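Trainee: One structure coming up, written as structure tokens, with questions to follow.
Read the figures in this text as sums done on the coordinates, not as results from a lab. It should be emphasised that the depicted structure is a prediction, and the values quoted were computed from it without experimental measurement. Quick reminder, even Gly has a Cβ in these numbers, built from the backbone with ideal geometry, and neighbours come from all protein chains shown.
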Amino acid sequence: SKAAGRNAVRFFDPALQERALLRVALQREMRHGLRAGEFVLHGQPIVDEHGRVRGQEALLRWLHPVRGLVSPMQFIPLAEESGFILPLGQWVLQRACELLAAWANDPHRCSWTLAVNLSARQLRQADLVQTVRTALKASGADPRRLKLELTESQLLHDVEDTISKMEALAEMGVQFALDDFGTGYSSLAYLKRLPLAQLKIDRTFVRDVLDDPNDAAIARTILQLAASLDLSVVAEGVETAAQFDTLRAMGCRLFQGYHFGRPAPL
Ligand code: C2E
Ligand code: CA
Ligand code: CA
Ligand code: CA
């Protein structure tokens with residue numbers, strides 16, 4: 001057949017074949033790795049304009065016994081592709097809620113929020129609302145401390161379904177942040193319909209905010225947009241004091257990046 005012919009041609013390329021085999025191996029090893037406790041949540045601090053920690057973003061790490069630390073940039077897309085992101089994402093939500101419940105008894109951490117990244121596949125999952133509710137109930141975590149991060153592109157699928165799920169979760173007190181903001185295509189009218197609490201300025205705009213007037217203008221525009229929609233803003237990828245000062249002068253009040261802390265075990 002035509003399809004078999006195409007595959008046959010593809011497999012004459014040894015580099016492609018090697019990549020395909022690596023993908024298959026990683027898919028299998030991920031399933032084993034979750035059972036074996038190889039996944040851990042790291043946290044990166046989110047600080048206010050005084051540099052005080054106000055919360056953390058949970059960032060998933062895979063400590064592979066042979067391959068070493070595998071980046072989420074490598075395994076999340078594979079997990080999305082195979083559907084394994086559903087059990088993996090459920091584990092992340094459970095772990096995050098357990099951490100929140102533990103923080104509630106810690107005077108230094110009881111007011112922190114914990115942000116969790118949701119994948120596109122999780123958002124389309126029919127029982128997402130139930131999964132989050134169960135993780136919250138089982139741990140006793142305060143829903144208002146849980147923040148779910150979504151990207152603009154994820155919201156483009158089945159807008160009505162997404163909004164109804166977000167509303168059900170927001171009703172429970174869960175907050176939503178729009179991740180990597182500025183890299184997608186959000187219209188103002190559309191943003192207004194979503195129960196959002198926060199925008200996160202993508203780190204590509206933060207990187208050159210001192211040198212590139214276009215990036216500075218984008219950061220300023222996002223801050224104005226957020227103010228008019230009554231949303232908070234986190235500047236992502238802040239690596240220097242100069243970036244921090246510039247963004248603070250623009251009115252930004254929350255920051256995340258290597259300047260304040262790298263992701264570390266929670
Ligand atoms: P993200 O959600 O945009 O997360 C921020 C990424 O920026 C993290 O990479 C973080 O380590 C990195 N970062 C933070 N501060 C700085 C900085 O100052 N400079 C630079 N250059 N980078 C900085 P990480 O941990 O490798 O995660 C990559 C992506 O993997 C995340 O991007 C997110 O999309 C995804 N991811 C991570 N954990 C999860 C998860 O539990 N579930 C899902 N669905 N996706 C996840
Ligand atoms: Ca994120
Ligand atoms: Ca981001
Ligand atoms: Ca630029």
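Trainee: Determine the gain in length on full extension of the stretch R52-E38; use 0.36 nm per residue of separation and subtract their C-alpha separation, reporting nm with one decimal.
Mentor: Full-extension gain reported as 1.9 nm.
Trainee: Report the percentage of all Cα-Cα pairs in segment 17-79 whose separation exceeds 18 Å, rounded to a whole percent.
Mentor: Of the Cα pairs, 45 percent sit more than 18 Å apart.
Trainee: Now, a different point. Report P(r) for segment 124-266: all Cα-Cα distances, bin width 5 Å, range 0 to the bin holding the largest distance, values in whole percent.
Mentor: For segment 124-266, the pair-distance distribution reads 2, 9, 18, 20, 18, 15, 11, 6, 2, 0.
Trainee: Here's something else I'd like to know. Angle between the Cα long axis of helix 128-139 and the longest principal axis of the chain, 0 to 90 degrees, nearest 10?
Mentor: 70
Trainee: For the chain, take the longest principal axis of its alpha carbons; what is the angle in degrees between that and the long axis of helix 85-103, to the nearest 10 within 0 to 90?
Mentor: Between the helix axis and the principal axis of the chain, the angle is about 40 degrees.
Trainee: So, in nm, how far is label R144 from label L188 when the simple model puts each one 7 Å beyond its Cα toward the Cβ?
Mentor: Output for this residue pair reads 3.1 nm.
Trainee: Taking θ as phi - 60°, what are the ³J(HN,Hα) couplings along segment 224-232 by the Karplus curve (6.51, -1.76, 1.60), each to the nearest whole Hz, with x for Gly and Pro?
Mentor: Along segment 224-232, the couplings run 5, 4, 4, 4, 6, 9, 6, 10, 7 Hz.
Trainee: Right, next: Can you show me the helix-derived [θ] at 222 nm for the chain, built from DSSP H runs with n ≥ 4 at -39,500 (n - 2.57) apiece and divided by the number of residues, rounded to the nearest 500.
Mentor: Working: 12 runs with 133 residues, N = 266.
Computed mean residue ellipticity for the chain: -15000 deg cm²/dmol.
Trainee: Among the aspartates and glutamates, select those whose C-alpha is under 16 Å from the C-alpha of K147, and discard any that sit fewer than 8 residues away in the same chain.
Mentor: The qualifying aspartates and glutamates are E57, E98, E167, E171, D179, D180, E236.
Trainee: Let me ask you something else. Summarise the long-distance tail of P(r) for segment 1-153 by giving the % of C-alpha pairs beyond 22 Å.
Mentor: Counting pairs separated by more than 22 Å, the tail of P(r) holds 51 percent.
Trainee: Here is a further query. List the extent of the Cα atoms of the chain along each of their three principal axes, largest first, rounded to whole Å.
Mentor: Largest to smallest, the principal-axis extents are 60, 46, 39 Å.
Trainee: What number comes out for the charge environment of E29, summing +1 per Lys or Arg and -1 per Asp or Glu over other residues with Cβ under 12 Å away? Write out the running numbers ahead of the final one.
Mentor: Details: positive: R23, R28, R31, R35, R67; negative: E38.
Here the count lands on +4.
Trainee: Report the label-to-label distance for L210 and E171 in nanometres (one decimal), using points 7 Å from each Cα along the Cα→Cβ vector.
Mentor: That separation, rounded to one decimal, is 4.9 nm.
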